Amino acid sequence: MHIKNTQTQYGLVARMLHWTSVTLLLTIVVIASQFQDMLASPARWKLIALHSSVGLVFFVIMLARLTWRKVNHNPIKSYSIKNWQKLAAISLHRCIYIVLIAQCIVGIVTLITGGEPIHVFNLLEIKPLIEKNTSINNFVLNIHFFISIMIYPLLTIHISAAIYHQIFGLIDD
């Protein structure tokens, strides 16, 4: 396997970044599902800090993926599939990147407007940049939640298409 993408395959770096981001995203979702219905408590705040920390790493990985994607060939463009399928695949990937990166940015804004120190894996504490603004923080939290709902259908379509092409191949009829 090549380090960089080839005309027809994703390379080792692209695959590692992809599966690392998938693992991080699943971790983020599992952590969020644990604290979502909890009342305010130290245990809830620890989970939120972990969710935020993993989210920040996820954001860095997504930016690395985006950068790597920009400097490498996109194998989808050379697949032997119908043009509408190429357009759909490329558009879906772009939507996923936009939504996931937007989610990370909104998550960071949520942390900033929360007025609390930001803890990164208990290794680093970033002092509050501004005082808590409850109305803005609640608004941004609602956006963060809304975007999280948008992620599921996009990933479902992506996974379904990947399975379809794995089973039926990439040959144009």
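Regarding S53, is this residue polar (S, T, N, Q), touching a strand residue (DSSP E or B) at 6+ places or on another chain (Cβ under 9 Å) and open to solvent by less than 40 Å² (accessible area, probe 1.4 Å)? Considered against the rule, which asks whether it is polar (S, T, N, Q), touching a strand residue (DSSP E or B) at 6+ places or on another chain (Cβ under 9 Å) and open to solvent by less than 40 Å² (accessible area, probe 1.4 Å), S53 comes out as yes.
Within segment 102-142, restricting attention to residues that are among the hydroxyl-bearing types (S, T, Y) and under 23 Å from the mean Cα position of the chain (by Cα), the residue that is nearest to K46 (Cα to Cα) is T110. Quickly run through segment 119-165 and pick out the residues that are in a loop (DSSP other than H, G, I, E, B) and either loosely packed, with under 14 Cβ neighbours inside 10 Å or among the aliphatic types (A, V, I, L, M) (or both). Selection gives F121, N122, L123, K127, L129, I130, E131, K132. Scanning segment 42-96 for residues that are among the basic types (K, R) and in contact with an Asp or Glu (Cβ under 7 Å, 6 or more places away or on another chain) yields a total of 1. Residues that are of a type in the set (A, V, I, L, M, F, W, C) and in contact with a Ser or Thr (Cβ under 8 Å, 6 or more places away or on another chain) were ranked within segment 107-126; the one that is farthest from V140 (Cα to Cα) is F121. When residues in segment 56-68 are screened for being open to solvent by 50 Å² or more (accessible area, probe 1.4 Å) and aromatic (F, W, Y), 1 of them pass.
Does V71 satisfy the criteria of being without any contact (Cβ under 8 Å) to a residue 12 or more places away in the chain, within 22 Å of S148 (Cβ to Cβ), of a type in the set (A, V, I, L, M, F, W, C) and open to solvent by 60 Å² or more (accessible area, probe 1.4 Å)?
Answer is no for this residue.
Of the conditions (1) polar (S, T, N, Q); (2) within 24 Å of L24 (Cβ to Cβ); (3) surrounded by 11 or more Cβ atoms within 10 Å (Cβ to Cβ), Q85 clears all except one; give me its number. If we test Q85 against (1) polar (S, T, N, Q); (2) within 24 Å of L24 (Cβ to Cβ); (3) surrounded by 11 or more Cβ atoms within 10 Å (Cβ to Cβ), just (2) comes out false.
If the condition is being loosely packed, with under 12 Cβ neighbours inside 10 Å and of a type in the set (G, A, S), then segment 15-42 contributes S33, A40, S41.
The values are calculated or read from the model by the stated rules, or taken from the named source; none is laboratory data. Only a predicted model underlies this, so the values are computations on that prediction, with no experimental measurement involved. Cβ atoms come from the backbone with ideal geometry, glycine included; neighbour counts cover every protein chain shown. With ligands, DNA and RNA removed, areas are computed over all heavy atoms of the protein, side chains included. Shrake-Rupley method; radii C 1.70, N 1.55, O 1.52, S 1.80 Å.
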